[in-house]
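Novice: Quick one: the structure is below, and I'll ask about it shortly.
The values are calculated or read from the model by the stated rules, or taken from the named source; none is laboratory data. Everything numeric here is computed off the predicted structure, so don't read it as measured data. Positions of Cβ are backbone-derived with ideal geometry, glycine not excepted, and every protein chain shown enters the neighbour counts. In case anyone asks, the SASA skips ligands and DNA or RNA and just uses the protein heavy atoms, side chains included. Shrake-Rupley method; radii C 1.70, N 1.55, O 1.52, S 1.80 Å.
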Amino acid sequence: MTDVIPVPDDFEDCVQHAIDQDSKIRDFISTVQVKGLDHVYLVGCGGSHFGTYPAFELLDRYTAAFGATRITSAELTSRNPADLGPNALVVAASHSGDTPETVAAAEFAKSSGATVIGISRQGDNGLSRIGDLHLDYPDTISITEPKLVLNELVALALLEGVGETQKAAQIRASIPALPGALRATKDEVADAGERIADILSDAERSYIVGAGPAHGMAKMMAWCYFMEMQWMHSAAINGADFFHGPLEMIGEDVPLVVLLAEDATRSLGERVVRFGETYTKKLGVVDTASLSLPGISPEARGDLSVLALMSAERRVLDHVAARRGHDTSVRRYMYKVEY
């Protein structure tokens, strides 16, 4: 087995730091809903945008009391949605808090009269200054999971505020278990990580498939982890679209990675797995159903498994990076040139 990058010692503490902001989130959301709420926009770039998929799923599936949209930062400012106004809530996430497009989106939202929640690392930054509420996490390598949890807690508070208390309560009961459950995920995904490292270590290209909220996880894996951090040719595909063109690119030596959570769209991914088992020798699967997720109730697994999927695939990156000997912090262009 490859000597894999260690899991940060502060991992569980970082996730717990996000959870500890729950009461502040609930108090703030109650004031927003008293004011009047017609639309929620979940905003970010790259990984911060892809991390909104689980929260969007909650809002989109469980309430019709207001509209919900996940949208990239630059699209928000260029499209200027009709519902972006005094009765809109914008949740803008950026690790640094200073991503230019996201700061501009937050400023644009404020100028439109919208309420803004900023999610970023601790300290003074653009989002901490602009947001009506700032949610944060320690500035370490453990950044993906805290952002996911904070978005999830905002979504749960919004559901509770419009009377969807039963669903919110089912999920909330398992929130305290997340630090340990996500930490356990890092170890339990080792076999899948090694399998994917096997098929990707010298591959020319790969296709990463996820359906529903797992499509956001597929984008994270293909674009942020493999393209940005490993300089590998990789494409993210929606599992619902796989059989409408992309399947023609699969051959016996073409790597195909399928991401499966336990949400309502799971069957769309399972269909891709069955195809891959027949037509490629290089199939890798990350499946949350194989994870123990200690402390997560059966009623909450469908929704919280998507958070575990993101945590699992971040660990898969560690396996791939260790096998390829490519430092995940190295960039050609990002943070180095103007673009």
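Novice: Over what distance in Å are the Cα centres of region 289-329 and region 216-247 separated?
Specialist: Answer, in whole Å: 16.
Novice: Something else now. Kindly identify region 272-324 as rounded, prolate or oblate by the Cα gyration tensor criterion: order the square roots of the eigenvalues as a ≥ b ≥ c, call it rounded if a/c is under 1.5, otherwise compare a/b with b/c, prolate if a/b is larger, else oblate. Intermediate values should be presented prior to the final figure.
Specialist: Numbers: a/c = 3.22, a/b = 1.38, b/c = 2.34.
Oblate, because a/c is 1.5 or more while a/b does not exceed b/c.
Novice: For region 164-206, state which trypsin sites (Lys or Arg not before Pro) are in a DSSP loop and have at most 12 other beta carbons lying within 10 Å of their beta carbon.
Specialist: On the way: sites: Lys167, Arg172, Arg183, Lys186, Arg195, Arg205; in loops: Arg205.
Listed in order of number, the matching sites amount to none.
Novice: At 4 °C and a viscosity of 1.567 mPa s, what translational diffusion coefficient does Stokes-Einstein give for region 242-339, taking Rh as the Kirkwood radius over Cα pairs? Give it in µm²/s as a whole number. Before the final figure, lay out each step's value.
Specialist: Values: Rh = 15.8 Å.
Diffusion coefficient, whole number: 82 µm²/s.
Novice: Given 0.36 nm per residue, what is the gain on full extension from Asp132 to Asp98 after removing their alpha carbon distance, in nm? Numbers along the way, then the final one.
Specialist: Values: separation 34, 0.36 × 34 = 12.24 nm, distance 1.61 nm.
Taking 0.36 nm per residue and subtracting the Cα distance, the gain is 10.6 nm.
Novice: What is the angle, in °, between the Cα long axis of helix 298-324 and the longest principal axis of the Cα atoms in the chain? Nearest 10 is fine, range 0 to 90.
Specialist: So the inclination is approximately 50 degrees.
Novice: How compact and how long is region 23-157, expressed as Rg and Dmax of its alpha-carbon atoms in Å?
Specialist: Cα only, region 23-157: 13.2, 37 Å (Rg, Dmax).
Novice: Given a cut-off of under 8 Å on Cα pairs at least six residues apart, what relative contact order in percent is computed for region 54-205?
Specialist: 19 percent
Novice: Moving to a separate point now. Within the chain, which is the longest segment containing none of the GluC sites (Glu not before Pro) that sit in a DSSP loop and have at most 12 other Cβ atoms within 10 Å?
Specialist: Working: sites that count: Glu204, Glu252, Glu338.
The longest such stretch corresponds to 1-203.
Novice: What percent of all Cα-Cα pairs in the chain falls in each 10 Å bin, counting up from 0?
Specialist: All Cα pairs considered, the percentages come to 6, 27, 35, 24, 8, 1.
Novice: Run the numbers for Asp9 and Asp27: contour at 0.36 nm per residue of separation, minus the present Cα-Cα distance, in nm. Present the calculation step by step, with values, prior to reporting the outcome.
Specialist: Details: separation 18, 0.36 × 18 = 6.48 nm, distance 3.12 nm.
So the chain would gain 3.4 nm between Asp9 and Asp27.
Novice: Sum -39500 (n - 2.57) across every DSSP H segment of at least 4 residues in the chain, then divide by the residue count to get the 222 nm mean residue ellipticity, nearest 500. Let's see the in-between values first.
Specialist: Details: 14 runs with 158 residues, N = 339.
After summing the helix terms and dividing by residue count, I get -14000 deg cm²/dmol.
Novice: Only Cα pairs under 8 Å and at least 6 apart count here; give the relative contact order of region 191-339 as a rounded whole percent.
Specialist: Values: 248 pairs, mean separation 45.4, N = 149.
Normalised by residue count, the contact order of region 191-339 is 30 percent.
Novice: Now a separate question. From the gyration tensor of the Cα coordinates in region 83-146, what semi-axes in whole Å does the equivalent ellipsoid have, largest first, with each one equal to sqrt(5λ)?
Specialist: Numbers: eigenvalues 93, 22, 16 Å².
Output for region 83-146: semi-axes of 22, 10, 9 Å.
Novice: At a 1.4 Å probe radius, carbon and sulfur cover how many percent of the accessible area of the chain?
Specialist: Working: 6620 of 13670 Å².
After summing per-atom areas, the C and S share lands at 48 percent.
Novice: Let me ask something else. Over what distance in Å are the Cα centres of region 1-54 and region 82-103 separated?
Specialist: If we compute the Cα centre of each part, the gap is 14 Å.
Novice: Let me ask you something else. Pairs on different chains or at least eight residues apart, Cα atoms closer than 20 Å: how many lysine pairs in the chain fit?
Specialist: Total qualifying Lys-Lys pairs in the chain comes to 7.
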